[in-house]
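Read-outs: derived from the displayed coordinates by stated rules, not from any lab. Only a predicted model underlies this, so the values are computations on that prediction, with no experimental measurement involved. Every residue, glycine as well, gets a Cβ built from its backbone with ideal geometry; the counts of neighbours run over all protein chains shown.
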Amino acid sequence: MSRRFEVIEEECIGCSLCSERAPGNLEIRSGSTTAQVFKQPETPEEEEACHEASDYCPTGGLKARSVDSASTKPQADTGSPALAPAGDSKPAGIAPMKLEN
Amino acid sequence: MSFETIDTSVQALWRFDYDSNIKQLRDLYEVAKKEQWNAALDVPWDIPTDAAVVGDMSAPNVEPYDFVKALTKDKQIEFAKRRSAHLLSNFLHGEQGAMMICGQLVEVVPDMDGKLYAATQVIDEARHVEVFARYIKRLDRVYPLMTGLKNLLNAVLQADMWQMKCIGMQVIAESIAMGSFKTMRAITHDEVFKKILELTSQDEARHVSYGLIYMKDAIPKMNEPDRDRLEDFAFAAMTMLATTPQMEGGKRVDPFEQIYLELGIDPARANSEIISRMADPEFVKAQPNPFRDYAYPQLERVGLITDRTRAKYREVGLAA
């Protein structure tokens with residue numbers, strides 16, 4: 001099951017850790033103080049990088065949403081029915097992305 | 001010269017295998033090396049600070065109290081400036097505590113990746129001490145360390161498990177700092193202070209991320225009694241700072257009394273107004289609370305809020 005990622009602007013402090021972890025999907029545009037998803041992950045590597053960025057986002061402001069063909073399922077223990085931090089979910093067997101540009 | 005000592009005891013741990021074993025920590029170490037800045041050069045110290053635009057860091061989103069409205073405009077600015085200096089003094093002391101605790105983390109954490117990253121954080125904290133000490137002089141003076149914060153920092157310095165040091169500093173204290181800096185950035189219009197908060201916030205974000213990465217890895221590996229001790233330590237650390245009244249010599253003290261007296265404010269009137277507003281649960285709920293809004297959710301994310309402890313946080317109003 002793939003996921004869509006979304007930055008909650010009110011929670012983001014623009015620290016750029018997510019764009020360091022997933023440079024192919026997240027960025028802080030010049031003049032902006034918050035991160036944004038400029039491309040949803042299209043490969044397992046990108047999805048893994050976005051998961052890591054969400055799991056370790058210091059404010060919890062990068063959320064993952066399950067994209068099921070039929071419905072949007074709630075995530076565990078976040079209090080938010082459709083949008084949630086990726087939590088501890090870790091797709092196995094995927095090589096993590098390098099942070100170096 | 002003003003100083004205090006406490007005895008601490010840590011078990012330093014050598015690692016003789018230097019390969020990375022927690023990749024996310026090694027990645028964070030790489031980011032930390034790239035993001036270093038210089039407190040002397042990267043803050044626009046040549047811009048003067050106009051006291052009128054600094055703002056009152058101690059009172060976010062608060063309609064001014066009557067005892068403040070009764071002051072002249074100049075005195076209102078002076079009051080805001082001094083209260084801000086008081087709050088920032090405690091961040092300054094906190095940064096020094098963080099610098100010492102991170103030095104301990106370098107010694108005690110069991111992984112090379114954890115040690116390497118913690119070493120970068122020591123210099124981050126040194127920069128924070130430098131910038132806050134320098135900026136506070138623009139406002140007023142350095143005020144003493146509040147008892148609750150001192151108790152928390154000393155508890156973390158003296159903790160006998162490395163996971164307690166990591167939770168107390170990286171997850172709780174750093175989350176509070178990160179949340180508070182965000183609030184302060186929204187309040188102040190002083191360019192110099194804004195830049196300081198922008199730079200320090202980026203560092204704080206890494207510090208929190210370190211805690212999340214390391215604790216999500218370490219907590220599931222702990223045995224139940226140690227994990228219970230860690231959960232209890234986290235709760236004690238949160239309440240030490242958030243809900244324990246400021247005490248000195250067994251007597252409750254008002255941290256702002258000195259400022260009130262210097263500006264001709266009656267402390268009894270000020271306190272009565274503040275207590276009356278704080279008695280309104282809606283008012284309390286509407287105020288930013290970094291413990292409830294930032295630290296508690298992080299404890300949830302690392303799995304330290306359990307059926308055993310959740311109700312205790314609710315009881316003291318710290319559950320998000």
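A few comments on the model shown:
- When each of B:K23/B:K182; B:K34/B:K137; B:K115/B:K195; B:K182/B:K285; A:K63/B:K312 is checked by Cα-Cα distance, pairs over 24 Å: B:K23/B:K182; B:K34/B:K137; B:K115/B:K195; A:K63/B:K312
- The protein assembly as shown, dipole about Cα centre (Lys/Arg Cβ +1, Asp/Glu Cβ -1), debye to the nearest 20: 480
- Considering only B:L13, B:L28, B:L145, the mean-square fluctuation computed in a Gaussian network model of chain B, springs between alpha carbons under 10 angstrom, is largest for B:L13.
- Rel. contact order, % - alpha carbon contacts under 8 angstrom, at least six apart, chain B: 24
- With contacts taken as Cα pairs under 8 Å and at least 6 residues apart, the stretch A:2-67 reaches a relative contact order of 46 percent.
- Here the gap between B:E282 and B:N38, fully extended at 0.36 nm per residue and compared with their Cα-Cα distance, gives a gain of 83.6 nm.
- Its residue count N fixes a reference of 2.2 N^0.38 Å for the protein assembly as shown, and the Cα radius of gyration divided by that reference is 1.00.
- Computed over chain B with a Gaussian network model linking Cα atoms closer than 10 Å, the most mobile of B:A173, B:A236, B:A295 is B:A236.
- Rounded to whole Å, the principal axis extents of the Cα atoms in chain B read 65, 48, 36, largest first.
- With a Förster radius of 51 Å applied to the beta-carbon distance between A:S2 and B:N223, the computed FRET efficiency rounds to 0.90.
- With one equal scatterer per alpha carbon and no solvent term, the Debye-computed log10 I(q)/I(0) for the stretch A:2-67 at 0.19, 0.29 1/Å reads -0.59, -1.40.
- Listed residues B:A173, B:A155, B:M184: farthest to the positive end of the dipole of the protein assembly as shown (Cβ charges): B:M184
- The convex hull drawn around the Cα atoms of the stretch B:15-101, when projected onto a plane and averaged over every direction, covers 9.5 nm².
- With contacts taken as Cα pairs under 8 Å and at least 6 residues apart, the stretch B:1-134 reaches a relative contact order of 40 percent.
- Among B:I265, B:I196, B:I101, residue whose mean-square fluctuation peaks in a GNM of chain B (springs only between Cα atoms under 10 Å): B:I265
- Diffusion coefficient (Stokes-Einstein, Kirkwood radius over C-alpha pairs, 20 °C, 1.002 mPa s) for the stretch B:168-320: 121 µm²/s, rounded to a whole number.
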